[in-house]
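The values are calculated or read from the model by the stated rules, or taken from the named source; none is laboratory data. A quick note: this is a predicted structure, and the numbers were derived from the prediction, not measured. All Cβ positions, even for glycine, are placed from backbone atoms using ideal geometry, and neighbour counts span all protein chains on display. Protein only, heavy atoms only, side chains kept; ligands, DNA and RNA dropped before computing areas. Shrake-Rupley method; radii C 1.70, N 1.55, O 1.52, S 1.80 Å.
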Amino acid sequence: MSMYLVAELKIKYGHVEEAVGIVKEIASYMEPQGWKLLATYTPLIGHFCHLYDIWEVPDANAVPNALLTLAGDKGWEDVFTRWSKVCESEHLSVCAKLI
């Protein structure tokens with residue numbers, strides 16, 4: 001059964017375009033971990049500083065396993081540092097498709 005990670009992201013004002021670029025970089029690190037970025041959405045109505053990423057992941061352990069694997073990788077640390085400067089908050093949910 002496929003599992004999906006839904007990331008609800010609140011981006012700091014004025015940094016949405018930069019955040020989208022960083023999401024693309026994050027995807028390049030996560031793909032070897034079995035993650036596939038299916039889509040990134042932004043509201044047309046609602047909070048314009050929110051992004052919603054939908055990832056297909058191998059299982060519910062995908063988040064801690066990927067972070068453990070990437071720990072100490074200097075390129076990942078650079079991406080994560082830049083991400084922390086543009087992302088105000090994030091909520092991650094691992095979900096299963098119902099319908």
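Look through A27, A7, A19 and report the one residue that is free of Cβ contacts under 8 Å to residues at least 12 places away in the same chain, closer than 14 Å to W83 by Cα and either of a type outside the set (F, W, Y) or not in a helix (DSSP H, G or I) (or both). If you could, list the steps in order and put the result at the bottom.
Values: A7 fails: free of Cβ contacts under 8 Å to residues at least 12 places away in the same chain; A19 fails: free of Cβ contacts under 8 Å to residues at least 12 places away in the same chain.
Answer to the check: A27.
Which ones in region 1-13 are surrounded by 15 or more Cβ atoms within 10 Å (Cβ to Cβ) and of a type in the set (S, T, Y)?
Within region 1-13, Y4 is the sole residue that qualifies.
Anything in region 37-82 that is within 19 Å of E18 (Cβ to Cβ), β-branched (V, I, T) and touching a residue at least 12 places away in the same chain (Cβ under 8 Å)? List them, or say none.
T40, T42, V79
Does region 14-52 hold any residues that are among the hydroxyl-bearing types (S, T, Y), farther than 19 Å from P64 by Cβ and either open to solvent by less than 40 Å² (accessible area, probe 1.4 Å) or at pLDDT 95 or above (or both), and which are they? Explain how you work it out, then say what you get.
Let us first name the residues in region 14-52 that are among the hydroxyl-bearing types (S, T, Y), namely 28-29, 40-42, 52.
With farther than 19 Å from P64 by Cβ added as a condition, the list becomes 28, 40-42, 52.
Within region 14-52, S28, T40, Y41, Y52 qualify.
Return the total of residues in region 71-94 being open to solvent by less than 80 Å² (accessible area, probe 1.4 Å), more than 17 Å from L5 (Cα to Cα), touching a strand residue (DSSP E or B) at 6+ places or on another chain (Cβ under 9 Å) and outside any helix (DSSP H, G or I).
Going through region 71-94 one residue at a time, the tally reaches 1.
Out of the residues in region 59-70 meeting the condition of being open to solvent by 70 Å² or more (accessible area, probe 1.4 Å) and of a type outside the set (S, T, N, Q), tell me which one is modelled with the highest pLDDT.
We begin by selecting, within region 59-70, every residue open to solvent by 70 Å² or more (accessible area, probe 1.4 Å); these are 61, 65, 67-69.
Within this subset, residues satisfying the condition of being of a type outside the set (S, T, N, Q) are 67-68.
On the way: L67: 91, L68: 95.
If we take residues in region 59-70 being open to solvent by 70 Å² or more (accessible area, probe 1.4 Å) and of a type outside the set (S, T, N, Q), then L68 is modelled with the highest pLDDT.
State all residues of region 33-47 that are touching an Asp or Glu at 6+ places or on another chain (Cβ under 9 Å) and β-branched (V, I, T); if no residue qualifies, say none. Walk me through how you get there before you give the answer.
The initial filter retains those residues of region 33-47 that are touching an Asp or Glu at 6+ places or on another chain (Cβ under 9 Å), namely 34-41.
Result: T40, single match.
Quickly run through region 43-63 and pick out the residues that are more than 11 Å from the chain's Cα centre (by Cα) and under 12 Å from I11 (Cα atoms).
H47, F48, C49, H50
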